[in-house]
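Written below as structure tokens is the structure these notes are about.
The values are calculated or read from the model by the stated rules, or taken from the named source; none is laboratory data. All values derive from a computational prediction rather than experimental measurement. Counting neighbours? That spans all protein chains shown, and the Cβs are built from the backbone with ideal geometry, glycine included. Ligands, DNA and RNA are excluded from the accessible area calculation, which covers all protein heavy atoms including side chains. Shrake-Rupley method; radii C 1.70, N 1.55, O 1.52, S 1.80 Å.
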Amino acid sequence: MSTRQCPLCASPDMQPFAAFENVPPTGILYRQREQSIPHRSLVFDYCTYCAFIYQRPGLNQPIDYSEVSRPTTTQLPAYAQALIEQFKAFGLDGLTVEVGCNDGTFLDHLRTAGFGSLLGIEPSTALVTQAREKGHHVEALPLDQATAQDIVSRHGLAQRLVCRHTLEHVPDPLAFLKSVRSLMQEGGLACIEVPSALPIIQDLHVHEIWDEHVSYFLPENLHMTLRMAGFKVERLHSVPYREMQNIVMWARAADVHENIVPASARRLQQCASFNQQWQARAEQLVQKVMASPSPRVAMGASHPQANFLNFSGLSHLVDCVIDDDPTKQNKWLPLCGNCVPIQPGSALAEQAAGGTLLLTGFGYPGWMENATQAVAGSAAMCIDIAEYSFETRS
């Protein structure tokens, strides 16, 4: 039996979920091929009681988000306005806090909707600067119990709070949510949003495993954690997003006491079998790509694509990647044992001529369809990654 304890339910039995050795961090692009970056091992465990998936601590230094400068403006989902309408139904008066406000994009929308008293909390120095330049009041600090008390002493308690895609980054999600709860007045309304782990364990979406994500939630164990932190959950939605799923929970700040409920046998079995299932699929895919003609071109230079190429073992078989983001072009993408150039979509037919196109544009089916048509006359072979890695399991 493992001696590692679950950070959520405190079960003493965390078991291996998946491990990926010697991988570079994603989101870092080179200007020159010769640049080097430290690699590290990513090891994930799952709780045999509540099915919480957690990046094993102690193997690497925690990420210092004060140095992260990556804005998420383009990642605001189409349903963001619906979230704001939910808040408006609760009234416009009182303090609204966004924990993990990034560059202030969601605060922009809240301000436009008529919310007057807004406060952001963000540890990144560069992103705080961007949010403040937009006229937002932002506390430049990581949230914990001590900083929460300080914020309340100066700003008062929040009537509304939103925390989107932040909880998965923190090493102690229960303690973090308790700090979030201490920012709120009794009965205040909170919206908590995180990526769902369901596509990972059900459909082998390994590209949704990310080095910066420490915690991976299912709807059931996120619900449990919120209640343990002092919230009464009112609504839970699993919302599709670019072939992924996000969990959106609406909860009231209220003292709730509840027994910890175990995960279903199906969820635990999916966690237990993930690694074996994924390795079998990855081996099939590597064999297919090794038998395909060169040059081999993959689609996308973002986190999902880099993760997928590294985790599948395809990283050393790729010759270049295509990405239409102008900030990424003419740079190099570091991969396991390889570093490949990033080319614009206009170069796709030339780059893939006589070779192989890997359809790795996860979440963008229209882009992949257009790419398939673009190489139709260049004698390029197309490999549909979904046939090997995204088959839904019963």
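Counted as qualifying within the stretch 312-394 are no helices (runs of 4 or more DSSP H), as none has 3 or more residues that are of a type in the set (Val, Ile, Thr) and in contact (Cβ under 8 Å) with a residue 40 or more places away in the chain.
Give the residues of the stretch 213-235 that are over 17 Å from residue 175 (Cβ atoms) and in contact with a Phe, Trp or Tyr (Cβ under 8 Å, 6 or more places away or on another chain), sorted by residue number.
If the condition is that a residue be over 17 Å from residue 175 (Cβ atoms) and in contact with a Phe, Trp or Tyr (Cβ under 8 Å, 6 or more places away or on another chain), then 216, 218, 233, 234, 235 are the ones that fit.
Filter the stretch 74-94 for residues that are closer than 20 Å to residue 363 by Cβ and part of a loop (DSSP other than H, G, I, E, B); which is most open to solvent (accessible area, probe 1.4 Å)? Restricting to residues being closer than 20 Å to residue 363 by Cβ and part of a loop (DSSP other than H, G, I, E, B), the top hit is 78.
Across the stretch 30-47, what is the number of residues that are surrounded by fewer than 20 Cβ atoms within 10 Å (Cβ to Cβ) and in contact (Cβ under 8 Å) with a residue 60 or more places away in the chain?
Start the filter on the stretch 30-47 by keeping residues that are surrounded by fewer than 20 Cβ atoms within 10 Å (Cβ to Cβ), which leaves 30-41, 43.
Then keep just the ones that are in contact (Cβ under 8 Å) with a residue 60 or more places away in the chain; that gives 30-33, 35, 37, 39-40.
Matching residues across the stretch 30-47 total 8.
Taking the numbered list (1) open to solvent by less than 60 Å² (accessible area, probe 1.4 Å); (2) in a loop (DSSP other than H, G, I, E, B); (3) farther than 11 Å from residue 183 by Cα in turn, residue 126 passes all entries but (2). Name the single residue that is nearest to the chain's Cα centre (by Cα) among those in the stretch 166-192 being open to solvent by less than 10 Å² (accessible area, probe 1.4 Å) and free of Cβ contacts under 8 Å to residues at least 60 places away in the same chain. So the residue we want is 168. Among the residues of the stretch 296-308, is there at least one that is farther than 22 Å from residue 19 by Cα, open to solvent by less than 40 Å² (accessible area, probe 1.4 Å), assigned to a loop (DSSP other than H, G, I, E, B) and touching a Pro at 6+ places or on another chain (Cβ under 9 Å)? No, the stretch 296-308 contains no residue that is farther than 22 Å from residue 19 by Cα, open to solvent by less than 40 Å² (accessible area, probe 1.4 Å), assigned to a loop (DSSP other than H, G, I, E, B) and touching a Pro at 6+ places or on another chain (Cβ under 9 Å).
Taking the stretch 201-237 as the range and being assigned to a strand (DSSP E or B) and more than 26 Å from residue 276 (Cβ to Cβ) as the test, the residues that pass are 231, 232, 233, 234, 235, 236, 237.
Restricting the stretch 244-286 to residues that are in a loop (DSSP other than H, G, I, E, B) and in contact with an Asp or Glu (Cβ under 9 Å, 6 or more places away or on another chain), which is surrounded by the most Cβ atoms within 10 Å (Cβ to Cβ)?
So, considering only residues that are in a loop (DSSP other than H, G, I, E, B) and in contact with an Asp or Glu (Cβ under 9 Å, 6 or more places away or on another chain), the one surrounded by the most Cβ atoms within 10 Å (Cβ to Cβ) is 263.
Annotation note: of 337, 345, the sole residue that is at pLDDT below 95 and surrounded by 15 or more Cβ atoms within 10 Å (Cβ to Cβ) is 345.
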